[in-house]
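Structure, as structure tokens:
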Amino acid sequence: MDEMQVVEFVATYLKKKGFSEAENALQAEIQRTKNNSSSNSNNNNNNAVDVLNDPELSKFFRSLSESEDSPTRYQDEYSKLRSWTYSSLDLYKHELLHVLYPVFIHCFMDLVAKKYIQEARTFFNTFREDHEMLHLRDLQKLEGVLSPSHLEEMEFAHSLRHNKVNIKICQYSYELLLQYLHKTQSTTMLGIINERINFQVSPGQPSTISDDAEVVTLIGSNQDAANQINQKEVHWGLLEDSIENRLEKMGGLRSDSEKAEGENKEADMDENKKRTAEGGKQGATVKKLKKEKATSATAKAARPEANATPMAPRVKSELALPVMPIEVEQSILEDLRNRVQLSSVALPSVSFYTFINTHNSLNCASISHDGSLVAGGFSDSSLKIWDMAKLGQQTGNSVSQGENDTTPSEDVLGANGAKRSYTLFRGHSGPVYSATFNPLGDFILSSSADATIRLWSTKLNSSLVCYKGHNYPVWDVQFSPVGHYFASASHDRTARIWSMDRIQPLRIMAGHLSDVDCLQWHANCNYIATGSSDKTVRMWDVQSGDCVRIFIGHRSMILSLAMSPDGRYMASGDEDGTIMMWDLSSGRCVTPLMGHTSCVWSLAFSGEGSLLASGSADCTVKLWDVTASTKVPKTEEKSGNPNRLRSLKTLPTKSTPVYSLQFSRRNLLFAAGVLSKS
């Protein structure tokens, strides 16, 4: 290899790796050398570097001249990088481990792109176990990549290949990584890291393990586009003419002492009514409610500042809101006046509804705002509603919750001829995946695998409207806080806004890269949030249909969402059991909440917004201190102190995964789940 060949080889290498500035500089130097070669040939020959005999340069060019496309280089260099990372100091190890996953998947995809299919499968199967705990769903998708064409045809793989991964890392960890790569001459790993990873280097100490959920930005997301969208203005306040606003003008909430006096007077006069309104048929007696409120009063007296939060701004509605009947408004106002004030030292009572004998066919559960009605959606395409006021009137043998129905009369008669404990609604032609009551409880919506949404009347016990528009199964449907409008989420990657009086959608929200699995309305009805299998949450303007926020940080599909009552914060729960609290105005994660060991299927804020309840497939309900989680001192924010993640209490069930959570207007927490025999 003569000197000219070496120069050409280096120029080709620089061009291949995209080092355009270095390539231009080299070409300029070559041209200058040629121009001066005739006059300075003797001097140049005396002073030239002996490329062939220089040991360092020879070693370097030998490593480059070895087939850079050799599949063994990927296996060897990744294996060495993995061993070095796992042997690093504990202080820096968890930061360095974040680099392994993106390097692993891009090594695999590079091998596939170069048509080393068998070597790619061997590499994938050798190291996949390292990443299964956090990235199982991604790995399952990549298993289907069997040829170079799949890299372009599969949207997930295509997105990975055309976007960089953002990783937060401290300065020292970053320098350690670069030193290792240069020292070991791991040119293949260095090329992948340079091309595929965007490091966000910060001075100071490494991030704590508790902050890991915020460290790695979602693979395949376009962070620049997200940042641009998140610059849009969001009006997160409450409606100007909301009932809460009117209540404040009328004098606000009653004090706890006034509530206690009112309870004593009301207990004798209206005992049955109160029990029904607060779900008392499930075992919560009036005495228990009194005890709960008395405890809350004591706690509030001991810590009056717990609920002292700044007033939310007021905004105008972008939707034409329905007129609420005066008697309904008065009833809601009365509930709000008598709301129990919760805090970290005054936790709610919980009324838990357990489905039995469902034969593994229950897909969803929903509870009305006052807890008087409970609905279940089943795989046999049926929707069933239980009235808590009538549940105790049935004989023991007639209570057959979730039992398969085969005859037309079984919505009336049970196995022994007694009246059944539920009302059966049939109309869907596929499994029912979601159900939601309107605020008054006189209507219920259900969504199904048959790609339709149905509106039912709980008064008439009949189907009223069938809404068609989605092309694939509809995973979730939610009434707006004021009723009349509702939103749906589907496998077709869209969310849609509807009104009860129109059979066609009013708006279609498209932008997610995968299924839209769940959604939630903002308190002021001007926005909806959608959670997707693409691991992002998006917030949409209902009036324009535009995406105004993209929330990136989850590592698995989003299964549940909740909005704080003041409209400032949003909580999202994912398949891995992680909950993230987001600030809607900035689009940033306030704090991750760690504790669940399985899917978080439901989230709910308390009436005043001081507590967050989460229900999970790990058979627990957890209560979180929102005030402590969202108001983090700047010193803790910089140091990453995990003490801000306040889990106040864990409420385990015997063997019941929690499907649904709902706070009543008076702050009683309702929960529902299905008894599991496993």
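Table: residues versus (1) hydrophobic (A, V, I, L, M, F, W, C); (2) within 17 Å of Thr188 (Cβ to Cβ); (3) surrounded by 17 or more Cβ atoms within 10 Å (Cβ to Cβ).
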residue	(1), (2), (3)
Tyr86	no, no, no
Leu91	yes, no, no
Glu95	no, no, yes
Val103	yes, yes, yes
Cys107	yes, yes, yes
Lys114	no, yes, no
Thr122	no, yes, no
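Looking at region 455-483, which of its residues are open to solvent by less than 50 Å² (accessible area, probe 1.4 Å), assigned to a strand (DSSP E or B) and not polar (S, T, N, Q)?
Leu455, Trp456, Val465, Cys466, Tyr467, Val474, Asp476, Val477, Phe479
Among the residues of region 644-678, which ones are modelled with pLDDT under 85, within 23 Å of Ala562 (Cβ to Cβ) and open to solvent by 30 Å² or more (accessible area, probe 1.4 Å)?
Once the filter is applied, which keeps residues that are modelled with pLDDT under 85, within 23 Å of Ala562 (Cβ to Cβ) and open to solvent by 30 Å² or more (accessible area, probe 1.4 Å), region 644-678 yields Leu645, Arg646.
Can you report the number of residues in region 611-624 which are open to solvent by 10 Å² or more (accessible area, probe 1.4 Å) and either part of a strand (DSSP E or B) or under 20 Å from Arg666 (Cβ atoms) (or both)?
Summing the residues that are open to solvent by 10 Å² or more (accessible area, probe 1.4 Å) and either part of a strand (DSSP E or B) or under 20 Å from Arg666 (Cβ atoms) (or both) in region 611-624 gives 2.
Are any of the residues in region 495-509 buried (at least 21 other Cβ atoms within 10 Å of the Cβ) and assigned to a loop (DSSP other than H, G, I, E, B)?
No - not one qualifying residue is present in region 495-509.
For region 445-475: of the residues being within 19 Å of Ile508 (Cα to Cα) and among the aromatic types (Phe, Trp, Tyr), which is farthest from the chain's Cα centre (by Cα)?
This residue is Tyr467.
Could you say whether any residue in region 532-554 is under 25 Å from Leu648 (Cα atoms) and either open to solvent by less than 10 Å² (accessible area, probe 1.4 Å) or touching a strand residue (DSSP E or B) at 6+ places or on another chain (Cβ under 9 Å) (or both)?
yes
Every residue in region 137-175 that is open to solvent by 60 Å² or more (accessible area, probe 1.4 Å), within 21 Å of Arg493 (Cα to Cα) and out of contact with any Phe, Trp or Tyr (no Cβ under 6 Å at 6 or more places or on another chain), please.
Arg137, Gln140, Glu152, Glu153, Glu155, His158, His162
Quick one: which of Ala306, Ala312, Ala389, Ala294 is at pLDDT below 90 and assigned to a loop (DSSP other than H, G, I, E, B)?
Just a single option satisfies the conditions, and that option is Ala312.
The rows are residues; the columns are (1) surrounded by fewer than 17 Cβ atoms within 10 Å (Cβ to Cβ); (2) at pLDDT below 95; (3) within 24 Å of Ser480 (Cβ to Cβ); (4) not hydroxyl-bearing (Ser, Thr, Tyr).
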site	(1), (2), (3), (4)
Lys316	yes, yes, yes, yes
Leu319	no, yes, yes, yes
Pro325	yes, yes, yes, yes
Glu334	yes, yes, yes, yes
Thr354	yes, yes, no, no
Leu362	no, yes, no, yes
Ser368	no, yes, yes, no
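Of all residues in region 575-599, count the ones that are under 22 Å from Gly237 (Cβ atoms), of a type outside the set (A, V, I, L, M) and surrounded by fewer than 23 Cβ atoms within 10 Å (Cβ to Cβ).
6
Are there any pairs with C-beta distances below 7 angstrom linking a residue in region 118-135 that is more than 14 Å from Ile105 (Cβ to Cβ) to a residue that is open to solvent by less than 70 Å² (accessible area, probe 1.4 Å) and not aromatic (Phe, Trp, Tyr), with the two at least 6 apart or on different chains, and if so which?
Glu119/Pro71; Glu119/Leu111
Look through Gly577, Gly545 and report the one residue that is outside any strand (DSSP E or B) and within 13 Å of the chain's Cα centre (by Cα).
Gly577
I'd like to check something: does region 595-609 contain any residue that is polar (S, T, N, Q), assigned to a loop (DSSP other than H, G, I, E, B) and out of contact with any Asp or Glu (no Cβ under 9 Å at 6 or more places or on another chain)?
So far as region 595-609 goes, yes, one or more of its residues are polar (S, T, N, Q), assigned to a loop (DSSP other than H, G, I, E, B) and out of contact with any Asp or Glu (no Cβ under 9 Å at 6 or more places or on another chain).
Counting only residues that are in a helix (DSSP H, G or I), within 24 Å of Leu139 (Cα to Cα) and either among the small types (Gly, Ala, Ser) or touching a residue at least 12 places away in the same chain (Cβ under 8 Å) (or both), how many does region 151-183 have?
The number of residues fulfilling the criteria is 7.
Hey, among Ser602, Ser572, Ser560, which residue is in contact with a Cys (Cβ under 7 Å, 6 or more places away or on another chain), open to solvent by less than 20 Å² (accessible area, probe 1.4 Å) and modelled with pLDDT of 95 or more?
Answer to the selection: Ser560.
Conditions first: (1) at pLDDT below 90; (2) surrounded by 24 or more Cβ atoms within 10 Å (Cβ to Cβ). Asp566 passes all but one, so which condition is the exception?
Exception for Asp566: condition (2).
Would you be able to tell me the number of residues in region 184-201 that are open to solvent by 30 Å² or more (accessible area, probe 1.4 Å) and either touching a residue at least 24 places away in the same chain (Cβ under 8 Å) or under 30 Å from the mean Cα position of the chain (by Cα) (or both)?
Counting residues in region 184-201 that are open to solvent by 30 Å² or more (accessible area, probe 1.4 Å) and either touching a residue at least 24 places away in the same chain (Cβ under 8 Å) or under 30 Å from the mean Cα position of the chain (by Cα) (or both) gives 8.
The values are calculated or read from the model by the stated rules, or taken from the named source; none is laboratory data. What you see is a predicted model, and the numbers here were worked out from it, not measured in a lab. Virtual Cβ from ideal backbone geometry, glycine too; neighbours counted across all protein chains shown. Areas reflect the complete protein model, heavy atoms only, side chains present, ligands, DNA and RNA absent. Shrake-Rupley method; radii C 1.70, N 1.55, O 1.52, S 1.80 Å.
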